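The values are calculated or read from the model by the stated rules, or taken from the named source; none is laboratory data. The structure presented is a predicted model; accordingly, all values stated were derived computationally and were not measured. A quick note on method: Cβ atoms are made from the backbone with ideal geometry, for glycine too, and the neighbour counts reach across all protein chains shown. For the accessible areas, the whole protein counts, side chains as well, though only heavy atoms, and no ligand, DNA or RNA atoms are used. Shrake-Rupley method; radii C 1.70, N 1.55, O 1.52, S 1.80 Å.
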Amino acid sequence: MLKRKGLLFACCRAALLTGVMCVIAAAFLGIGELYMRSADGEQTIVLDQSYFTDSAGSGFRVESMSKHAVNFIIDKAELLNNDTLFFNNNDKNITGNQWGSTLYHLEDERMESLLENEYILQTAVSPGQNVMIYSYIGKDKQMGVSLYDAANGEKLRELGNDNSWNFMPQNRYYGVVDEHRYIVMAGADLWLLNLPDNQFQYIATLPLQVSKAPAYNISDPLLAFDDDYFPEMLVADNTLYVQLPTMDKNRLSMLVSVELTSDSEPDIIRGEINDFTVLPGNNLLISGKFNGVDGLYLAEGLQASPKLLKEGTYSNLTANPLRNAISFATRANDGRIRLMAARLDNGKLTEEMTVYGDPGYVRMLQWRADGQSLVCIAEELTGSIIYQFRFSN
């Protein structure tokens, strides 16, 4: 009788422990995360491929994931080709200074201070992710522009203090063609900066009036650099693409393409454009509203009318040419944000899948240079989360 009671007690205890483990497993992305974050400020969770079931058997699915939470807000993030993530922060626990930037090593999830006493205003990375240009405000509240070499992990040179820049307004924006050529947008004018001779070549004047940030004021230098004013610039195959807001009261925006090697007039797409990315063959993936319909659109160059791929609201578009894949964030019917991925085959979405549900407010979504992993930065009330999703095949 005692043996039978002992066996019964052991079985009940095992069942209870199993139930507790299930509750913990179900909640480890919720209450458990909040506890761990408050305990030490950082945590990393790795999930195996059994967590993902959306596209099992398709050959295009997430096979593993890591999730690294920090107790500060990540801003101005850029992926670099040396398997690092560059971002702006004002967390004194990392840099020891109020202003600075950090490198996050994707492989071992290690952070290191990079630039101290420089508040990053804008960043732009070359198509190969090997060189970055960034503008900043230093400790003396003076503006500067510098280059960062990802391959060698060092600042290449300071650009913004050169006297030849005096003919330009201070509110400038930047893009990267390659390690020797950089785009400078000053007002409505586009210039090509050639290094190392530091020569400027006029490209074009944008055809429409664009929104202008307040004038630079040294007493409050950040006032002139509201994120809403920053144009989005991408370069592909010697073509510059610029997304700009306009003064239109209906909040229309325009997407302009400029050939860098010819004198042809800029091409323009007008609409309520939320985001865009460049696909192989200079095709464009665009999210926004055209002809009254919100959706995801495909445009074969800016001279063609965008073709609706799927209705809905989309953001954070990113392309993976190595795998003929795209990824984006969308808002589901329940109001939560979802990370999605799909293949783009003959102008149609195929193998569409949910990568992750409810990651938080998505700040950045981008494929790593190897084409195997998707990196996401999302924001929560208690800080930011760095996600890495590794895809199979």
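Condition check ((1) part of a loop (DSSP other than H, G, I, E, B); (2) aliphatic (A, V, I, L, M)) across all residues:
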| position | (1), (2) |
| --- | --- |
| SER327 | no, no |
| ASN333 | yes, no |
| ARG343 | no, no |
| MET353 | no, yes |
| ARG363 | no, no |
| ALA369 | yes, yes |
| VAL375 | no, yes |
| ILE386 | no, yes |
| PHE389 | no, no |
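Based on what the data block shows, is VAL355 open to solvent by less than 10 Å² (accessible area, probe 1.4 Å), within 18 Å of the chain's Cα centre (by Cα) and within 20 Å of LYS310 (Cβ to Cβ)? Yes: the conditions hold for VAL355.
Taking the criterion of being open to solvent by 20 Å² or more (accessible area, probe 1.4 Å) and at pLDDT 85 or above, the residues of the stretch 161-188 that qualify are ASP178, GLU179, HIS180, ARG181. LEU302 passes every criterion in (1) open to solvent by 30 Å² or more (accessible area, probe 1.4 Å); (2) not in a strand (DSSP E or B) apart from (1).
Looking across the stretch 368-384, the residues that are more than 15 Å from ILE74 (Cα to Cα) and open to solvent by 10 Å² or more (accessible area, probe 1.4 Å) come down to ARG368, ALA369, ASP370, GLN372. Kindly evaluate ARG61 against the criterion of being at pLDDT 80 or above, within 24 Å of THR354 (Cα to Cα) and open to solvent by 10 Å² or more (accessible area, probe 1.4 Å). So ARG61 fits the description; yes.
Filter the stretch 140-157 for residues that are assigned to a strand (DSSP E or B) and modelled with pLDDT of 75 or more; which is surrounded by the most Cβ atoms within 10 Å (Cβ to Cβ)? So, considering only residues that are assigned to a strand (DSSP E or B) and modelled with pLDDT of 75 or more, the one surrounded by the most Cβ atoms within 10 Å (Cβ to Cβ) is TYR148. For ARG270, are the conditions met, namely being modelled with pLDDT of 90 or more and of a type in the set (D, E, K, R)? No, not satisfied. Every condition in (1) open to solvent by less than 70 Å² (accessible area, probe 1.4 Å); (2) in a strand (DSSP E or B) holds for ARG323 except the one numbered (2).
Yes/no per residue for (1) modelled with pLDDT of 85 or more; (2) outside any strand (DSSP E or B):
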| site | (1), (2) |
| --- | --- |
| LYS67 | yes, no |
| PHE86 | yes, no |
| SER101 | no, no |
| ASP108 | yes, yes |
| MET111 | yes, no |
| LEU115 | no, no |
| TYR119 | no, no |
